[in-house]
Amino acid sequence: MRPKAGDTAPDLEGIDQHGKTVRLKDFRGRKVVLYFYPRDFTPGCTAQACSLRDANEDIAAKGAAIIGVSAQDEASHQQFAKKHKLNFPLLADPDQKIGKAYGVVGGGLFGLARSVTGLYERVTFIIDKKGKVEHVIEDTRTADHGEQVLALL
């Protein structure tokens with residue numbers, strides 16, 4: 001089940017493209033823009049990641065950190081981040097544990113297909129300083145997602 005505004009954000013722990021362990025609890029006291037995306041190197045996912053990269057300085061100025069999550073492994077994330085000069089962690093979630101905790105994979109007929117293919121729904125959660133979900137963005141505009149996020153911070 002997908003968390004909604006007002007819910008406590010599920011804990012998460014994952015390994016990023018640099019082999020570093022990233023935990024949501026390590027960001028307490030800071031807002032987090034947690035975005036799930038289908039797959040590295042696809043046109044929409046690339047546009048979304050680059051939009052967030054370009055807005056990252058302004059997002060950080062508003063006291064927030066960006067974390068991306070998809071089902072690909074660390075090596076894929078490392079190549080994707082390097083190619084596009086991404087300046088935030090991308091968590092590898094090949095077992096889909098994080099994706100299932102956030103309800104972006106596995107629900108219904110299409111969810112089963114996404115689960116089998118490892119494709120997440122494109123959903124962004126803005127989590128407040130205390131670990132509560134403030135906003136859920138399900139109508140992601142990939143090309144200007146950074147601006148979409150900034151408007152809610």
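Using modelled amide H (1.01 Å from N, peptide plane; none on Pro or chain starts), what sits under 5 Å from the amide H of residue 91, excluding residues fewer than 5 places away?
68, 69, 70
Could you calculate the contour length gain from residue 141 to residue 25, that is, 0.36 nm times the residue separation minus the distance between their Cα atoms, to one decimal place in nm?
Numbers: separation 116, 0.36 × 116 = 41.76 nm, distance 2.79 nm.
Residue separation times 0.36 nm, minus the Cα-Cα distance, leaves 39.0 nm.
For 93, 26, what's the fewest-to-most ordering of other Cβ within 10 Å of each Cβ?
So the ranking, lowest neighbour count to highest, is 26, 93.
Mind scanning 62/132; 85/130; 62/97 and naming the pairs with a C-alpha gap bigger than 24 Å? Each step should come with its number before you reach the end.
On the way: 62/132 17 Å; 85/130 30 Å; 62/97 29 Å.
Among 62/132; 85/130; 62/97, the Cα-Cα distance tops 24 Å for 85/130; 62/97.
Kindly provide the helix-only [θ] at 222 nm of the chain, computed as the sum of -39,500 (n - 2.57) over DSSP H runs of four or more divided by all residues, to the nearest 500 deg cm²/dmol? Please list the in-between numbers first.
Working: 5 runs with 51 residues, N = 153.
Calculated mean residue ellipticity at 222 nm is -10000 deg cm²/dmol.
Mind pulling up the Rg/Rh value for the chain? Radius of gyration and Kirkwood radius, both on Cα. Mind showing how you got there, number by number?
Working: Rg = 13.9 Å, Rh = 15.1 Å.
Radius of gyration relative to Kirkwood radius: 0.92.
Which is farthest toward the positive dipole end of the range 13-150 among 135, 21, 101, measuring Cα position about the Cα centre, with Cβ charges +1 (Lys, Arg) and -1 (Asp, Glu)?
Of the listed residues, the answer is 21.
All of the numbers you see were taken from the coordinates with simple rules; none came from a lab. Quantities reported herein were computed from a predicted structural model and do not represent experimental measurements. So basically every Cβ, Gly included, is an ideal-geometry build from the backbone, and we count neighbours across all protein chains shown.
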